[in-house]
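Novice: My structure is below; once you've seen it, I'll send some questions.
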Amino acid sequence: MGGRVVGADVLVVGGGAGGVAAALAALRRGRSVVLTEETDWLGGQLSAQGVPPDEHPWIEQFGCTRSYRAFREGVRQYYRAWYPLTPSARRVVDLNPGLGRVSRLCYEPRVAAAVLDAMVAPYLAAGRLRVLFGHRPVAVHADGDRVAAVTLTGPDGAEVTIAAPYVLDATELGDLLPLGGVEHVTGFESREETGEPSAPAHPQPGNQQAFSWVFAVEHREGEDHTVDRPEQYETWHDYRPPYWPDRMLSLTAPDPRTLEPLVRTFVPHAPSGPVVADQSADPGDRELWLFRRIVAREQFEAGFAASDVTLVNWPMIDYLPGPLVGPADDPVPEAERDKHLLGARQLSLSMLYWLQTEAPRPDGGTGWPGLRLRPDVLGTQDGFAKAPYVRESRRIRARTTVVEQDLSLAVRGAAGAVVYPDSVGVGMYRIDLHPSTGGDNYLDVPSSPFRIPLGALLPVRVRNLLAAGKNIGTTHITNGCYRLHPVEWNAGEAAGALAAHCLAHGVEPAQVHGDAALLAAFQAELVADGFELDWPEIRGY
């Protein structure tokens, strides 16, 4: 083991939505925690990746944990406390700061980071939490079927090794799994293995959902903020996958649910009218300025904000040429991974340049040179997110694997999703698979409100490592609905609670999962802590 050695009750590697929730759950139960994060922000897709939360239409009433609801309310309170909202905006109970159409809570990513910092602050003050920013795992030290410690490299290149009775992998790509020899899968499983109606005949481990590099822009009428022509602009300008209805650098993309070509509009400060974000009725992406708007100047006192701010996270910037990870026996080389990361940034930058110079305008002209990057809202120097938005991770070979036929509305119908007796939470979203590195178009399947089985957090062999993010026991297909913000948070929170519970009662996760009495006691603890383990009688979409 290299470098200095640090100890804690629970080590959480990865400070995204699941990692923060996991740390908070263990801390509330009196445990000491070390939480590590590659960037300098907590929150993952909630903040550092720049993605307002994708949520189900009942989120304001039910369907998430108490702590996730506290995060949402914390974001709203931040705006109420510090921003000059109009009297009408201030009176809205379920305030949507950006009036974006993708979510009922569209906010600046830096606000999410500030709220998450506030949520962990008491435990930092008490000395029970250590957060190591800029740290990346480089080695897992295993002792048979247990993980003894993890070594990470910090921003200065120095190594630190952290030992803990329980280790939670909340990294964006399931990085501890190959490092620790934990059985896992990547990409598309076969229909023979999973029985899923939408699965291919043969496994496709390199076929994974596209990732995207998000950026934030405002529009200053009469000004010219055109960026330098991107290095790869010629490549991306003419790039068109065989199944795509137009070039990627256009306003045309498939309708995810029908695959029919759909021409979007993009007009800075387009009038929005009343905004009701409800993806069961409308995906909200017809007008791209309004789709992921995170600052709506109409929400603030006159003269406060010169422009709206919107996030560009559209189908047209989904990066398709290759995945970031591969299976254990064929990993993606570091040089190839770096090439894909650079390519994704260049694709996004090319989209910005195209919007500034070639995008069609309602007046018949082309280009919006007044579009200006907003680095401040993403906490970067260049206006691009701190990290790429990763949709699909490596996934553990789990004691329970969620499959399409467990929750597909077409399969389950009025019966609703399979009721797992070991439920540790709930979630709801359509099975939303973006175009993939293997050449697939959208796969968008209606689903039923579902539960999160405890068995999906537990590897088949390793006893003290828990999945706490997008790496839980789903398939390529069901990852499409289990990857969203409140579900990742719930899974991570359950993992953190389980680690603390096992330490308090001298049991192991597999025992809690396999013994009805132990499981019932743990579930009762979760309910008392604000978890919802079941749904009321509602139908999916």
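The values are calculated or read from the model by the stated rules, or taken from the named source; none is laboratory data. What you are looking at is a predicted structure, and each value in this text was computed from that prediction instead of being measured. Neighbour counts are summed over all protein chains in view; Cβ atoms, including those assigned to glycine, are modelled from backbone coordinates with ideal geometry. Accessible surface areas use protein heavy atoms only, side chains included; no ligands, DNA or RNA. Shrake-Rupley method; radii C 1.70, N 1.55, O 1.52, S 1.80 Å.
Novice: Using a probe radius of 1.4 Å on heavy atoms only, what accessible surface per residue do you get for region 333-473? Whole Å² is fine. Let's see the in-between values first.
Specialist: Working: 4440 Å² over 141 residues.
On a per-residue basis, region 333-473 sits at 31 Å².
Novice: Based on alpha-carbon centroids, what's the gap between region 317-383 and region 22-90 in Å, whole number please?
Specialist: 26 Å
Novice: Another question about this same structure. Once the cut-off is 43 Å, how many percent of the Cα-Cα pairs in the chain end up in the long-distance tail? Could you put the intermediate results ahead of the total?
Specialist: Working: 19120 of 146070 pairs.
Roughly 13 percent, once rounded to a whole number.
Novice: For helix 334-357, what angle does its Cα long axis make with the longest principal axis of the chain, in degrees from 0 to 90 and rounded to 10?
Specialist: 30 degrees
Novice: With +1 on each Lys and Arg Cβ and -1 on each Asp and Glu Cβ, how big is the dipole of the chain about its Cα centre, in debye rounded to the nearest 20? Let's see the in-between values first.
Specialist: Working: 49 positive and 67 negative charges, 222 e Å.
Computed charge dipole of the chain: roughly 1060 debye.
Novice: Moving to a separate point now. Under 8 Å for C-alpha pairs, at least 6 residues apart: give me the relative contact order for region 1-48, rounded to a whole percent. Could you put the intermediate results ahead of the total?
Specialist: On the way: 61 pairs, mean separation 20.3, N = 48.
Once normalised by length, the contact order is 42 percent.
Novice: Based on Cα positions only, what radius of gyration and what Dmax would you give for region 1-108, in angstroms?
Specialist: When restricted to Cα atoms, region 1-108 yields Rg and Dmax of 16.7, 58 Å.
Novice: On to the next question. Run the numbers on the chain and let me know its relative contact order in percent, using alpha-carbon pairs under 8 Å that are six or more apart. Before the final figure, lay out each step's value.
Specialist: Details: 1307 pairs, mean separation 119.0, N = 541.
For the chain, the relative contact order is 22 percent.
Novice: I would also like to ask the following. Hey, what's the Cα Rg ratio for region 208-335 versus the globular rule of thumb, 2.2 N^0.38 Å?
Specialist: Details: Rg = 17.7 Å, N = 128, 2.2 N^0.38 = 13.9 Å.
Taking N as the residue count of region 208-335, the ratio is 1.27.
Novice: Rounded to the nearest 10 Å², what accessible area does Cys481 show when all protein chains are kept and the probe is 1.4 Å?
Specialist: Surface open to solvent at Cys481 totals about 0 Å².
Novice: Okay, moving on. Keeping all protein chains in place, calculate the accessible area per residue for region 263-332 (probe 1.4 angstrom), answer in Å². It would help to have the intermediate numbers written out before the result.
Specialist: Working: 2600 Å² over 70 residues.
Per-residue value: 37 Å².
Novice: Ignoring ligands, DNA and RNA, please state the percent of accessible area on the chain from carbon and sulfur, probe 1.4 Å. Could you put the intermediate results ahead of the total?
Specialist: Details: 9910 of 18980 Å².
Heavy-atom surface of the chain belonging to carbon and sulfur, 1.4 Å probe: 52 percent.
Novice: Could you work out how far apart the two model spin labels at Thr235 and Trp58 are, taking each label as a point 7 Å from the Cα in the direction of the beta carbon, and quote it in nm?
Specialist: Here the answer is 4.6 nm between the modelled labels.
Novice: Specify whether the C-alpha gyration tensor of region 454-541 places it in the rounded, prolate or oblate class, a ≥ b ≥ c being the square roots of the eigenvalues: rounded for a/c under 1.5, otherwise prolate if a/b is larger than b/c and oblate if not. Don't jump to the answer; show the numbers that get you there.
Specialist: Numbers: a/c = 1.95, a/b = 1.31, b/c = 1.49.
Verdict is oblate for region 454-541.
Novice: Separation between the Arg128 and Val92 pseudo-spin-labels, each 7 Å from Cα along Cα→Cβ, expressed in nm?
Specialist: 3.7 nm
Novice: Run the numbers on region 229-298 and let me know its relative contact order in percent, using alpha-carbon pairs under 8 Å that are six or more apart. Show your work: numbers first, answer last.
Specialist: Values: 64 pairs, mean separation 12.8, N = 70.
Taking the mean separation of contacting Cα pairs over the length of region 229-298, I get 18 percent.
Novice: Sticking with this one: With charges set only on the Cβ (+1 for Lys and Arg, -1 for Asp and Glu), what does the dipole of region 31-87 come to about its Cα centre, in debye to the nearest 20?
Specialist: Working: 6 positive and 7 negative charges, 70 e Å.
Here the size comes out at about 340 debye.
Novice: When the convex hull of the Cα atoms of region 320-419 is projected onto a plane and the area is averaged over all directions, what value comes out in nm²?
Specialist: Details: hull surface 48.5 nm².
Its average projected convex-hull area is 12.1 nm².
Novice: Right, another one. Distance in nm between label sites at Asp376 and Glu192, each 7 Å beyond Cα in the beta-carbon direction?
Specialist: With each label point 7 Å from Cα toward Cβ, the separation is 5.9 nm.
Novice: I'd like to check one number: the per residue accessible area of region 7-139, probe 1.4 Å, reported in Å² as a whole number. Before the final figure, lay out the partial values.
Specialist: Values: 4190 Å² over 133 residues.
Value for region 7-139: 31 Å² per residue.
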